[in-house]
Amino acid sequence: LERPDLDVDVNVYGTLNLLRAAVAAGTRRVVFASSAAVYGNPQRLPVDEDHPLAPLSVYGRSKRAAEWLIEQYAQGAGLEAVILRLGNVYGPGQRPETGPVVARFFLDALTGEGPVIHGDGRQTRDFVYVADVARAFALALTGPAGITVNVAGGTATAVGDLARRICQLVEGAPALRYGPPRPGDIRHSVLANDRARRLLGWAPA
């Protein structure tokens, strides 16, 4: 919300530059990391790939715009494309400053500040481990083209429960802190991963 220009620069213009370079280089296939943010507030749960797209944030809209560019290039330039809509990815090497909640909660617990929960903590997210995501990308390189699939754990986890689990793992972690809800945040999110299982042979491990 503070830097909408950055989302547009990276996700829209960055994707356009990548597509132009891919065509110029004769690249056969592009696999794109999209986001569950393209769905907006779910009308039904779990959210499948046919769910209406109504992103709430500039980030979500920029990801949807990038998807549209990829779809146009696939039609007009003959580029093979696979779009992976990722849940909340977590795992080693994640940078807390980019905003992912698992890394942020661990850092806050380790530094003695206490994780900050925005809202009441009952909002849910669909977490997926980074190694599972990497495996989905590898499978997408050789699987069917022209598909869009969710890559997610398929399980809803409450953010407050996650914070409490992390504090249990960190000895001497301070108490949780609560702040106001963040504008543009989705209340509940869990993705159906049936299509990835069927088309890519992928499942979260």
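The values are calculated or read from the model by the stated rules, or taken from the named source; none is laboratory data. All values derive from a computational prediction rather than experimental measurement. Here the Cβ positions follow ideal geometry from the backbone for every residue, glycine too, while neighbour counts run over all protein chains shown. Protein only, heavy atoms only, side chains kept; ligands, DNA and RNA dropped before computing areas. Shrake-Rupley method; radii C 1.70, N 1.55, O 1.52, S 1.80 Å.
State the Kirkwood hydrodynamic radius of segment 129-202 in Å, one decimal place, computed from all pairs of distinct Cα atoms.
15.2
Here the convex hull built on the C-alpha positions of segment 68-183 has a volume of 126 cubic angstrom per residue.
Which residues make up the longest stretch of the chain that has no GluC sites (Glu not before Pro) in a DSSP loop with at most 10 other Cβ atoms within 10 Å? Don't jump to the answer; show the numbers that get you there.
Details: sites that count: Glu2, Glu171.
Free of exposed loop sites, the longest segment is 3-170.
Using a simple spin-label model with pseudo-atoms 7 Å out from Cα toward Cβ, Asp161 and Ala138 lie 3.0 nm apart. Arg61 contributes about 150 Å² of solvent-accessible surface, heavy atoms of the protein only, 1.4 Å probe.
Taking only complete DSSP H runs, can you tell me which helices of the chain stretch 18 Å or more along their own long axis by Cα positions and average at least -1.0 on the Kyte-Doolittle scale? Mind dumping the intermediate values first?
On the way: long enough: 58-76 (27 Å, -0.74); 130-142 (19 Å, 1.47).
Counting only whole DSSP H runs, the qualifying helices are 58-76, 130-142.
Leaving out ligands, DNA and RNA, what percent of the accessible area of the chain is carbon and sulfur, probe 1.4 Å? Can you show the working numbers first?
Working: 5840 of 10700 Å².
That share works out to 55 percent.
Express the relative contact order of the chain as a whole percentage, based on alpha carbon pairs under 8 Å and six or more residues apart in sequence. Rounded, it is 25 percent for the chain.
For segment 166-205, would you read off the P(r) tail past 11 Å as a percentage of all alpha carbon pairs? Numbers along the way, then the final one.
Values: 607 of 780 pairs.
When every Cα pair of segment 166-205 is considered, 78 percent fall beyond 11 Å.
Model label points for His188 and Trp68, set 7 angstrom from Cα along the Cα-to-Cβ axis, are 3.0 nm apart.
Note on Leu110: accessible area approximately 120 square angstrom, rounded to 10, probe 1.4 Å, nucleic acids and ligands left out.
One quarter of the surface of the convex hull around the alpha-carbon atoms of segment 1-117 equals 9.0 nm², the direction-averaged projected area.
The sum of -39500 (n - 2.57) across all DSSP H runs of n ≥ 4, divided by the residue count of the chain, sets its helix-only mean residue ellipticity at 222 nm to -11000 deg cm²/dmol. Relative intensity of the chain on a log10 scale, I(q)/I(0) at q = 0.10, 0.18 Å⁻¹, equals -0.46, -1.33, per a Debye sum over C-alpha point scatterers of equal strength in the absence of solvent.
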